[in-house]
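All remarks here apply to the structure that follows.
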Amino acid sequence: IEGSGDSSKVVATLPSGESVEVLLFGATVTSWKSNGGKTENLWLSEKAALDGSKAVRGGVPVVFPVFGPPPKSGHPTSSLPQHGFARTSRWEFLGKSTSEDTVDSNSVKLDFGLYSKGVSEEARKAWPLDFGLVYSVTLSKDSLQTIINVRNEGETSFEFQFLLHTYLKVNDISKVAINGLTGVSYIDKVLDASTHSQSGSITITGEVDRVYQSIPQDTTSVVEDGTPRFDVVRDNLPDTVVWNPWVEKAKAMGDFAPDEDYKHMVCVEVGAVNGWQKLEKGEVFEGGQTIKSLL
Ligand code: TA6
């Protein structure tokens, strides 16, 4: 662990130079370097708050127990902030384990925990359900795996949404195509939340904010200038959000810098956000992603 207080982070490096950095604040992955440590794969705003003062603008924020603005009223999450409290809570570092998968490719797993008693008073009051989260971040030579384990520690059932708000770094958004979602139904939040069906690749020439639902196959691919750049593989999660704020929204976010960096990022966010996952007392949900860097 490096640093102290809310800006403390865990850094892990493989013998071949790949690395990952995770803030205890929100268990937010803020850096993932592949290619021997030469290639940063995640976008992080130059004005991202890394001191615990607000959710990190970039990396992989953890969204739980609600995605987006919560239901207006009458739902247990109604008085939670947008995207819930996990990304703005102080998680515990539970430990690190390394494994020699084969002689030349090993991996390191970092575990983080967040429990009911670890969230703020207001979050606890807003969502008074007993839960336990264990978030595992596994760095391998060419991939990063992030998996959540949600346990219902209470006496009653509860329901939740979960999403990994991954900011992928790209060279030039105008040369990006996102594949693997052809024919999938999506809610277009830029077009009044109307429902559409994806035809062909996704290209980004303006603000994009789409919730793709119940996707039949598990891999979403990001291709840059004709070269495959990332595979984002879902594990037990049915949905994927694709988001780029474009120039106006980028300017409007105080912690999004530099303004024109919308050209160098795209969010591909795996999750279970269409409806609610229900957990009975003592039940566990597990799901997440493996991002493969193909460079
Ligand atoms: O994931 C896309 C989205 O829901 C957008 O609608 C936008 O709100 C984005 O998340 C960022 O939300 P934040 O609360 O991090 O500013």
* Asked: Under a 1.4 Å probe, what is the accessible area of the chain per residue, stated in Å²?
  -> 42 Å²
* To do: Could you calculate the contour length gain from Q82 to D6, that is, 0.36 nm times the residue separation minus the distance between their Cα atoms, to one decimal place in nm?
  => 25.3 nm
* Starting at the first residue of region 213-221, write each ³J(HN,Hα) from the Karplus equation 6.51 cos²θ - 1.76 cosθ + 1.60 with θ = phi - 60°, in whole Hz, x for Gly and Pro. => 10, 6, 6, x, 10, 8, 10, 10, 10
* **For V208, residues with placed amide H under 5 Å, excluding near neighbours** => N244, W246
* Orientation-averaged projected area, Cα convex hull of the chain (nm²) -> 15.0 nm²
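With a 10 Å radius around each residue's Cβ, average the other Cβ atoms per peptide and rank 276-282, 88-94, 28-34, 7-13, highest first.
28-34, 88-94, 7-13, 276-282
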* **Length added when fully stretched, N35-S185, from 0.36 nm per residue minus Cα-Cα** => 50.5 nm
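If the chain between N106 and Q217 were fully stretched, how many nm would it gain, using 0.36 nm times the residue separation less the Cα-Cα distance?
Separation in residues times 0.36 nm, less the Cα-Cα distance, equals 37.2 nm.
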* Members of K33/K292; K47/K169; K33/K169; K175/K263; K54/K189 lying beyond 18 Å, as alpha-carbon distances in this model show -> K54/K189
* Asked: If r is the Cβ-Cβ distance from D142 to S73 and R0 is 51 Å, what FRET efficiency results, to the nearest 0.05?
  -> 0.65
* Asked: Counting only residues 5 or more places away or on other chains, whose amide H sits under 5 Å from the amide H of V66 once H atoms are built in the peptide plane?
  -> G84, F85, Q161
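Could you compute the FRET efficiency for E153 and S99, with r as their C-beta to C-beta distance and R0 at 25 Å, rounded to 0.05?
Computed FRET efficiency for E153 and S99 comes out at 0.30.
Heavy atoms only, probe 1.4 Å: what % of the accessible area of the chain goes to carbon and sulfur, would you let me know? Provide the component values of the computation, followed by the final result.
Working: 5910 of 12470 Å².
C and S fraction of accessible area: 47 percent.
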* Whole-Hz couplings from phi, Karplus 6.51/-1.76/1.60, listed for region 58-72; x for Gly and Pro -> x, x, 10, x, 9, 9, 6, x, 9, 9, x, x, x, x, 3
* Structure fact -> Among G183, L295, V273, the residue whose Cα sits farthest towards the positive end of the charge dipole of region 177-295 (+1 at Cβ of Lys and Arg, -1 at Cβ of Asp and Glu, taken about the Cα centre) is G183
* Sticking with the crude label model, points 7 Å out along Cα→Cβ, report the distance from K249 to V284 in nm, one decimal please. => 3.6 nm
* Using alpha-carbon positions, what is the distance between the centroids of region 70-127 and region 131-204, in Å? -> 16 Å
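The values are calculated or read from the model by the stated rules, or taken from the named source; none is laboratory data. These numbers come from a predicted model, not from an experiment. Here the Cβ is made from the backbone with ideal geometry for all residues, glycine too, and neighbour counts use every protein chain on show. Calculation scope for accessible area: heavy atoms of the full protein, side chains included, ligands and nucleic acids excluded. Shrake-Rupley method; radii C 1.70, N 1.55, O 1.52, S 1.80 Å.
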